[in-house]
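K.L.:
Pasting a structure here, questions to come.
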Amino acid sequence: MGRDISRSAKLRYIFILFLLVLFAGIWIPRLQYMSETSRLDSELVSSADFRSQPVSDEVLDAARESGEPGELLGIYWLESDFGREKTEIPGLVTGAVKERWSSADGWTEYAAACRAVWDDVKYFPVAEPSNRSDAVMTFEDSWMFGRSYKGDRGHEGTDIMAAVNERGLYPIVSMTDGTVKSKGWLELGGWRLGIETEQGAYFYYAHLDSYTDIEVGDEVKAGDFLGYMGDSGYSKEEGTTGNFPVHLHLGIYLYPDGQEISVNPYGVLRYAEDRRIQCNFR
């Protein structure tokens, strides 16, 4: 009888072990999937992580080769927790990885935001001189650097600085197709233009010196001439110049559910920096 009890106990132990293995095989991947897809919550697009738009050289190269940079970057940020985790770039937008994220709640809205920032970009916003070797331009990642005009605040954009500090020299072109939504004077931005793309992103070009013949409501194509780089702004008095060096301030904004969200343009500018229109500077 003792042998029967021992054998019964062993069978129960084997059965329980089988159930545990079965549970682990089914639920651990499921729990891992639920943990990962929880990154895709309703507040993600307004988060500091998304707004910073982190991109490495490797990721930018992949985005340039992709026909859908927004989708690739969107999946990369989810897979890597915005660059915190090592993630292999090849295959991100194909097969199981894409299927896993595209079937998760919140993917449609998140992917639309990623595409709006990246997919319509065709040109760098400042033309390159073919007749002025000294008229180069530089930019760096100054996202949320401190600014003090009108109180302490973060810098919500990227400044493209002119090596030749001369207003009206550097032509500004539209990075995207779109519709002119705003034109005129702002205290911070000086003479500015705002262009809304078909996918809903708002590209903001500020501190201009002058405009081409363009008005609110006009349709523009990527590469169209918008005006000239200047140093206007930082004053309530319309037309004020000279409060800072000549440069273009580029901002990119999204409006999910009517809420204005600024995103870091630095990665977008790096993505487009080899797509410069050449022209003779006046």
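K.L.:
Tell me, which residue of region 206-263 that is in a loop (DSSP other than H, G, I, E, B) and of a type in the set (A, V, I, L, M) is nearest to ARG282 (Cα to Cα)?
P.N.:
VAL246
K.L.:
Mind checking which residues of region 161-179 are surrounded by 19 or more Cβ atoms within 10 Å (Cβ to Cβ) and free of Cβ contacts under 8 Å to residues at least 60 places away in the same chain?
P.N.:
The answer is SER174, THR176, GLY178.
K.L.:
Going by what's in this entry, would THR138 be described as assigned to a strand (DSSP E or B) and either in contact with a strand residue (DSSP E or B) (Cβ under 8 Å, 6 or more places away or on another chain) or farther than 29 Å from GLY258 by Cα (or both)?
P.N.:
Yes: the conditions hold for THR138.
K.L.:
Filter region 60-94 for residues that are among the small types (Gly, Ala, Ser) and either surrounded by 15 or more Cβ atoms within 10 Å (Cβ to Cβ) or outside any loop (DSSP other than H, G, I, E, B) (or both) and give the result.
P.N.:
Matches in region 60-94: ALA62, ALA63, SER66, GLY70, GLY74, SER80, GLY83.
K.L.:
Then there is this: When you look at VAL216, is it touching a residue at least 12 places away in the same chain (Cβ under 8 Å), aliphatic (A, V, I, L, M), surrounded by 14 or more Cβ atoms within 10 Å (Cβ to Cβ) and over 26 Å from ASN165 (Cβ atoms), yes or no?
P.N.:
Spelling it out, it is not the case that VAL216 is touching a residue at least 12 places away in the same chain (Cβ under 8 Å), aliphatic (A, V, I, L, M), surrounded by 14 or more Cβ atoms within 10 Å (Cβ to Cβ) and over 26 Å from ASN165 (Cβ atoms).
K.L.:
I've got another one for you. Being of a type in the set (Gly, Ala, Ser) and within 23 Å of the chain's Cα centre (by Cα) is the filter; apply it to region 206-231 and report the residue that is nearest to VAL121 (Cα to Cα).
P.N.:
Per the criteria, the residue is ALA222.
K.L.:
Would you check if ILE89 is of a type in the set (Val, Ile, Thr) and either more than 25 Å from ASN264 (Cβ to Cβ) or modelled with pLDDT of 95 or more (or both)?
P.N.:
No: the conditions fail for ILE89.
K.L.:
Given the residues ALA116, ALA111, ALA127, which is the only one that is crowded, with 16+ Cβ neighbours inside 10 Å and touching a Cys at 6+ places or on another chain (Cβ under 6 Å)?
P.N.:
Residue meeting the stated conditions: ALA127.
K.L.:
Could you identify the single residue in TRP185, TRP191 that is among the aromatic types (Phe, Trp, Tyr), surrounded by fewer than 22 Cβ atoms within 10 Å (Cβ to Cβ) and farther than 27 Å from ASP257 by Cβ?
P.N.:
TRP185 is the lone residue from the list that is among the aromatic types (Phe, Trp, Tyr), surrounded by fewer than 22 Cβ atoms within 10 Å (Cβ to Cβ) and farther than 27 Å from ASP257 by Cβ.
K.L.:
I want to confirm something. Restricting to region 219-254 and keeping residues that are surrounded by fewer than 15 Cβ atoms within 10 Å (Cβ to Cβ) and either among the charged types (D, E, K, R) or modelled with pLDDT under 95 (or both), which single residue is nearest to THR138 (Cα to Cα)?
P.N.:
LYS221
K.L.:
Just the residues that are part of a loop (DSSP other than H, G, I, E, B) and either over 23 Å from the mean Cα position of the chain (by Cα) or farther than 24 Å from ALA113 by Cα (or both), please, taken from region 184-205.
P.N.:
Hits for region 184-205 are GLU187, LEU188, GLY189.
K.L.:
Of the numbered conditions (1) farther than 30 Å from TYR211 by Cβ; (2) in contact with a strand residue (DSSP E or B) (Cβ under 6 Å, 6 or more places away or on another chain), GLY74 satisfies every one except a single condition; which is it?
P.N.:
Evaluating GLY74 over (1) farther than 30 Å from TYR211 by Cβ; (2) in contact with a strand residue (DSSP E or B) (Cβ under 6 Å, 6 or more places away or on another chain) leaves (2) as the failure.
The values are calculated or read from the model by the stated rules, or taken from the named source; none is laboratory data. Small disclaimer: the values here were computed from a predicted structure and weren't measured. Here Cβ is always computed from backbone atoms with ideal geometry, including for glycine, and neighbour counts include all displayed protein chains.
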